[in-house]
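Note sheet for the following structure.
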Amino acid sequence: MASVSMTINGKQVSGEVEGRTLLVEFLREHQRLTGTHVGCDTTQCGACTIHMNGEAVKSCTMLAVQAEGADVSTIEGLANGDELHPMQEAFREHHGLQCGFCTPGMIMSATALAKRNPSPSEDDVRHWLEGNLCRCTGYHNIVKAVMAGARAMNA
Amino acid sequence: MPRDDGIGASVRRKEDFRFVTGQGSYTDDLNRHGQTYAAFVRSPHAHATLNSVNTSAAAAMDGVVAIFTGQDLLDAEVNGLPCGWQVHSKDGEPMVEPAHPALAQGKVRHVGDAVAVVIAETLSQARAAAEAVAVDYGMLPAVGNMTAAKAGKAQIFEEAPNNQCYDWEIGDEAEIDAAMAKATHVVELPLVNNRLIANPIEPRVAIGDYDTATGEHTLFTTSQNPHVIRLLMGAFVLGLPEHKLRVVAPDVGGGFGTKIFHYAEEAIVTWAAAKVRRPIKWTSDRSEAFMSDAHGRDHETVAKLGLDADGKFLALKVQTDANMGAYLSTFAPAVPTYLYATLLAGQYTTPLVYANVRAWFTNTVPVDAYRGAGRPEATYVIEQIVEEAARQIGMDPADLRAKNFISPDAVPYQTPVALEYDSGNYAGTLEMAKKAINYDGFAARQAASKAAGKLRGIGFSAYIEACGIAPSAVVGSLGARAGLYEVANVRVHPTGSVTMHTGTHSHGQGHETTFAQVVAERLGVPIENVDVVHGDTNNIPFGMGTYGSRSLAVGGSALAKALDKVEAKAKKIAAHLMEASDTDVEFKDGQFTIAGTDKSVSFGDVALTAYVPHNFPHDELEPGLEEQAFYDPANFTFPAGCHIAEVEIDPETGTVTLANFVAADDFGNIVNPMIVEGQVHGGIAQGVGQALLEGCVYDEDGQLVTGSYMDYAMPRADNLPNFTVDTQVTPCPHNPLGVKGCGEAGAIAAPAAVMNAVTGAMRAAGVTKPIDMPATPSEVWAALHAS
Ligand code: FES
Ligand code: FES
C-alpha cells in the first residue's frame, strides 16, 4: 500500500492505495466521485477524462500514485452549486447528451479544448473529440454544444 | 398559445442536470453495504468439452468467499436461460431449442462462455482467483461461421445434428417462382449483413443482494426492461416469486437492444448473493463485453427481384441464413423471421414476396436484437436490390422507387407478408429528402469531384419499419411467449403535483421529459411539477420495457389512457364543487369550467379536494386521484421515410468520406422535436458505422478477432458529418397520441443509403459488383483496383 495525496476539485485529499490502483478507481471507489466513468480497458473511449494540472487526461490510464501532489478536477467540480458551468449548460441546451454516460468525459475534454481554442470550428471539435466515444448522439449535437460552450466560456 | 413545456415543444431535458454534473446514478455507481465482487472464468476456446474444473487452489486464495461452477448450479436446480420466442420451421416442427446453462455444463460453446464465478472481498482478489481456477478443456473442432455450420464442421448440440435451429418460410414459393419466370427483368443480388456489437459505452453491471430478514432478493442491473428480467429470471431460472424479487435498472448508459436480454451474470449474482449472504457486484470490462454481450445482425442473403417491362415490381424472393450464435438469446429467433421477413414489402406494392430463413448455431456469442432488429436487414435487402435494379434497367433510382410506392390512398394496405400498414406518404418523404440534398445538383457535384480526381456517389434508402411492437394476441400467435402491452400509472398528489410511473425504461431516450410533457399538456400543470419514474419493479405496477421504438407508441398511449381516467374523475369532482353535471364540465389549461357561466375551479383545487374530501361526492367516488392503465395496441406502428447519403471516394486510398446525409422521416405526431432529432442522429451514426466502419470478425476456429476498441472500429466524431434531418407528419391512426416511434429509423435506413452511394460511386469507375459492409478503405481500394 502507498499513501497518496492530491487536490481534487479544490479540496486536499489523501488515501491509502495499492501500487496498481488506477486514478479512476481512486476517484470512483475511494473518493466516491462516480461522475467519472469507465467505458473501456484500452484507453479508447474517454469516459474517464478528467483534468490534471489543467490538462485533459484519461484517468483510466494513470495510476493513482502518479497523481501525487497534482491538482485534479472532475465533472463534480465544474458547476457552481445549481449554476451550471457554461459547457455543461451548452450540452443541456443543445441536447448534447442522451444516456449521459460519455458526457462527463466529453465535457471535461471540451473544456480543455475551449481553454486552448476559444472559438473552435466544427472540424477542430470533431478532431479534438477523436478520443471520446459516444454511442448515442452521433456527435452532431455534441459538436454544436462544444462550439457554443467554448464561445460562452470565453465570452 | 401553445405552452412551452407541452406536446410539440423542444423542452430541454429534465434529466440533464444530473448527467452534466456527474450525478447520474448508473449501476456501477452503486455500492451495497458489505459488498463482495464477482469475476467470471471464461472459456478461451470456441468449442471444447469441460473435462474438469478444479477450484481448490483458487478457493484457498486471499479474500475468496465462494466459487461456483456449472455443476453447482445443476445441483442447486438453477435452470438455464429461457428463450422468449418460439419459431416453427416450415414443416411445422418447433425450432431446436437447446439448454443454455448460466454456467457451462459439460461443454463450452463460444469464446467467453462462462465456466465458473469467483466471489471475493475485492475485485482484484476475485480476478486473481479466477485466473487460478484450473479448467481442463478437451478441444473440439469449432464452427466459426455459417458456412462451417452448414458443412457440419462440428456438431454443437446433440439435438441439432446439422447445426440448424429452424428452417422457416413466409409466402408461397411456387407462386413466386411462377411470377419470376414471367418477369421482364430479374435482378439477383447476394448480400451480407455484417455482424455488429452494440457497444453501449456503459458496460453491463449486475449487483445481487439478499435481505435475510425479509427473504427479498434484489438485482440492480443495466437493463432496458426490469420487469421482463424479473419474469424471466424469477419464473424460469431461479424459481423466485415476484413478491420476493425486486429488479432495479437505475440510470442506464445506452442499450441499443443489447440490454434487453436476460444474461447469465444477472441470475448468478442474484442466486449467489443469497448463498453467501452478502451483496455481490459484477462489472463487465469492455473486453468481457465483446465476448458476452449479445451481438447483432449477421445475415447472408440472396435476393431476387422480378420487374415488368415498365419497372413495376412483380415479385421478391429472399433466401437468408441467419447466425444465432452458440445459444438462443432472449428474442433471437424472432429477429430474422417476424421482425425481418414481414418487412420485405418495404414501401412498395410488390404483390408477391417469399422468404426462406434458415437459422444456424455457430461457436460464437449469441446474436439477438440490435437497434432495428430485423428491420435494418430487411431494408438493406430491399433498398440494395431496388437500387441495383434501377442501375440495370437504366432508370433513375428515385423514379423507380416512386413508381412502385404504395400510395397514401391505398392505406390501410395489406402487404403480402402479414402486416397491414395503417398510414404513410412515401412519396412525400422521398421528395423532402431529394430537396434537402439538392438531388438535381448531384451531377454537377459529381463532375466537380471527378475533376478533383475523386469518385462521388449518391444513395437512397426508402425504409419502413414496424414498431410499437405490438398487439399481444398477434405476437402470441407468432410465437412470442410474452404479451407486449404497456402500463402507466398517474399519481396526482394533494397539491397538484404529479408522479407518473411507466413500465418503459429510458437509457438515453429522455422519457423523464417527454412523458412529463404529455402530462403537463393534458393536466395543465407546469412540467417542473411532474416527475416520471421508471426502472424499479417495486415502484412500477408492471411493464415490458423499452425496445422496438415502443416507448411512446405503447407506453405513451398507456399514459394517455391513464390521463383520460384522471381527467374523467377530476371532472366529476369539479362538477361536484361547481354544483353542475360532469357532462357540462370542460377542462383546458388546468381549469375546469362550465360553458356559458363564470364558474371555474383549478386542477390544484380538484387535487386537494380529492385528498381532503370534506366537500366530495362520496356516494359516487372514492377519495384520491390516481389512475392506472394497461394499453395493448391495435396494430404495430409504421414509421417510414427516406434517407439519402452522398459519399466521395478517394481512389488512391479507398477512403470513403460521407459528404452529406439527409433524413426525411415520418414518425407521426412528435412530442419533443429536439429529442426526436437526437434519436435520428444517433441511429444514423450507428447505421453509418455499420456501412463504413464496424464489423465483428471471428476466425475459422471461432476466435474473436475484433475483441476491443482497438480492433472494432466505433464511429468517432471525425468520421461523421453533421446530418440534415426533417420530418413529415402522418399521424398513427390507432393510438391516442398519433405517434409511431423514432428510435431505430436511422440505424434501419442508413446502411443501405450509404452503401448505395458507395456502390454508385464505384460503378462510375467501372466496378459493377457491389461490395459488402463495412466499406473500409482496403475493401474499396481492392475492388477499385481489381477492375
Ligand atoms: S475508460 Fe475508456 S479511455 Fe478511460
Ligand atoms: S450520450 Fe450515451 S454514450 Fe454519449
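Quick grid of which residues meet (1) over 30 Å from residue B:398 (Cβ atoms); (2) touching a Leu at 6+ places or on another chain (Cβ under 6 Å); (3) without any contact (Cβ under 8 Å) to a residue 24 or more places away in the chain:
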{"position": "B:600", "(1), (2), (3)": "yes, no, yes"}
{"position": "B:610", "(1), (2), (3)": "yes, yes, no"}
{"position": "B:625", "(1), (2), (3)": "yes, no, no"}
{"position": "B:639", "(1), (2), (3)": "no, no, no"}
{"position": "B:643", "(1), (2), (3)": "no, no, no"}
{"position": "B:654", "(1), (2), (3)": "no, no, no"}
{"position": "B:660", "(1), (2), (3)": "no, no, no"}
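For segment A:94-135, residues that are away from ligand 1 (no atom under 16 Å from the Cβ) and touching a Gly at 6+ places or on another chain (Cβ under 9 Å) total 8.
Taking segment B:722-750 as the region of interest, how many residues are within 14 Å of chain A (Cβ to nearest Cβ), surrounded by 19 or more Cβ atoms within 10 Å (Cβ to Cβ) and assigned to a loop (DSSP other than H, G, I, E, B)? Qualifying residue count for the region: 4.
A count restricted to segment B:28-74 and to residues that are among the acidic types (Asp, Glu) and either closer than 24 Å to residue B:143 by Cα or away from every other protein chain (no Cβ under 14 Å) (or both) stands at 1. Scan segment B:197-220 residue by residue and report those that are more than 16 Å from ligand 2 (Cβ to nearest atom) and not polar (S, T, N, Q). Those that are more than 16 Å from ligand 2 (Cβ to nearest atom) and not polar (S, T, N, Q): B:206, B:207, B:208, B:209, B:210, B:211, B:213, B:215, B:216, B:217, B:219, B:220. Total residues in segment A:106-132 satisfying the condition of being facing chain B (nearest Cβ under 9 Å) and under 24 Å from residue B:507 (Cα atoms): the figure is 5. Is at least one residue of segment A:21-33 within 16 Å of ligand 2 (Cβ to nearest atom), crowded, with 21+ Cβ neighbours inside 10 Å and either within 11 Å of chain B (Cβ to nearest Cβ) or within 13 Å of residue A:109 (Cβ to Cβ) (or both)? Among the residues of segment A:21-33, not one is within 16 Å of ligand 2 (Cβ to nearest atom), crowded, with 21+ Cβ neighbours inside 10 Å and either within 11 Å of chain B (Cβ to nearest Cβ) or within 13 Å of residue A:109 (Cβ to Cβ) (or both), which makes the answer no.
Residue-by-condition table, conditions (1) modelled with pLDDT of 95 or more; (2) farther than 30 Å from residue B:681 by Cα; (3) out of contact with any Asp or Glu (no Cβ under 8 Å at 6 or more places or on another chain); (4) charged (D, E, K, R):
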position	(1), (2), (3), (4)
B:510	yes, no, no, no
B:516	yes, no, no, no
B:526	yes, no, no, no
B:536	yes, no, yes, yes
B:547	no, no, yes, no
B:557	yes, no, no, no
B:566	yes, yes, no, no
B:569	yes, yes, no, yes
B:575	yes, yes, no, no
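Scanning segment B:214-262 for residues that are within 14 Å of chain A (Cβ to nearest Cβ) and either among the charged types (D, E, K, R) or at positive phi (or both) gives B:251, B:254, B:256, B:257, B:259. A Cβ distance below 6 Å, combined with a sequence gap of six or more or placement on separate chains, defines the contacts here; from segment A:90-105, residues that are without any contact (Cβ under 8 Å) to a residue 12 or more places away in the chain reach residues that are assigned to a helix (DSSP H, G or I) and near ligand 2 (Cβ under 9 Å from one of its atoms) in the pairs A:100/B:19.
Go through segment B:602-699 and tell me which strands (runs of 3 or more DSSP E), entirely inside it, have 1 or more residues that are closer than 30 Å to residue B:348 by Cβ and more than 14 Å from every other protein chain (Cβ to nearest Cβ).
B:640-650, B:655-666
The condition of being surrounded by fewer than 18 Cβ atoms within 10 Å (Cβ to Cβ) and either in a loop (DSSP other than H, G, I, E, B) or within 14 Å of another protein chain (Cβ to nearest Cβ) (or both) holds for only one of B:97, B:77, that being B:77.
Considering only residues that are of a type in the set (D, E, K, R) and without any contact (Cβ under 8 Å) to a residue 24 or more places away in the chain, which ones fall in segment B:676-728?
Residues satisfying the conditions are B:711, B:716, B:718.
When the test is whether a residue is of a type in the set (S, T, N, Q), within 7 Å of another protein chain (Cβ to nearest Cβ), touching a helix residue (DSSP H, G or I) at 6+ places or on another chain (Cβ under 7 Å) and under 18 Å from residue B:719 (Cβ atoms), residue A:103 does not pass it.
Listed conditions (1) within 9 Å of another protein chain (Cβ to nearest Cβ); (2) in contact with a Phe, Trp or Tyr (Cβ under 8 Å, 6 or more places away or on another chain); (3) surrounded by 23 or more Cβ atoms within 10 Å (Cβ to Cβ) are all met by residue A:92, apart from (3).
Within the option set A:61, A:42, A:49, being of a type outside the set (Gly, Ala, Ser), closer than 29 Å to residue B:222 by Cβ, within 11 Å of chain B (Cβ to nearest Cβ) and within 14 Å of ligand 1 (Cβ to nearest atom) holds for one residue only, A:42. If you go through segment B:371-424 and pick out every residue that is assigned to a loop (DSSP other than H, G, I, E, B), surrounded by 17 or more Cβ atoms within 10 Å (Cβ to Cβ) and of a type in the set (A, V, I, L, M), you end up with 6.
Please determine whether any residue of segment A:139-153 is outside any helix (DSSP H, G or I), closer than 27 Å to residue B:661 by Cβ, within 16 Å of ligand 2 (Cβ to nearest atom) and not polar (S, T, N, Q). Within segment A:139-153, one or more residues are outside any helix (DSSP H, G or I), closer than 27 Å to residue B:661 by Cβ, within 16 Å of ligand 2 (Cβ to nearest atom) and not polar (S, T, N, Q).
I want to confirm something. Restricting to segment B:704-720 and keeping residues that are surrounded by fewer than 17 Cβ atoms within 10 Å (Cβ to Cβ) and out of contact with any Lys or Arg (no Cβ under 6 Å at 6 or more places or on another chain), which single residue is farthest from the other protein chains (Cβ to nearest Cβ)? By that ranking, first place goes to B:705.
Taking segment B:438-545 as the region of interest, the strands (runs of 3 or more DSSP E) fully inside it that hold 3 or more residues being more than 30 Å from residue B:18 (Cα to Cα) and either away from chain A (no Cβ under 14 Å) or in contact (Cβ under 8 Å) with a residue 12 or more places away in the chain (or both) are B:455-464. Inspection of segment B:503-520 finds a residue satisfying the criterion of being in contact with a Phe, Trp or Tyr (Cβ under 6 Å, 6 or more places away or on another chain) and surrounded by 24 or more Cβ atoms within 10 Å (Cβ to Cβ). Of the residues making up segment A:110-138, those that are within 12 Å of ligand 2 (Cβ to nearest atom) and at negative phi are A:129, A:132, A:133, A:134, A:135, A:136, A:137. Out of segment B:25-57, which residues are under 30 Å from residue B:219 (Cβ atoms) and in a strand (DSSP E or B)? Once the filter is applied, which keeps residues that are under 30 Å from residue B:219 (Cβ atoms) and in a strand (DSSP E or B), segment B:25-57 yields B:26, B:36, B:37, B:38, B:39, B:40, B:41, B:42, B:50, B:53, B:54. Of all residues in segment B:155-172, those that are farther than 30 Å from residue B:352 by Cβ have Cβ atoms under 7 Å from Cβ atoms of residues that are at pLDDT below 95, 6 or more apart or on another chain, in B:155/B:161.
The values are calculated or read from the model by the stated rules, or taken from the named source; none is laboratory data. The structure presented is a predicted model; accordingly, all values stated were derived computationally and were not measured. As a convention, Cβ positions derive from the backbone with ideal geometry for all residues, glycine included, and neighbour counts pool all protein chains shown.
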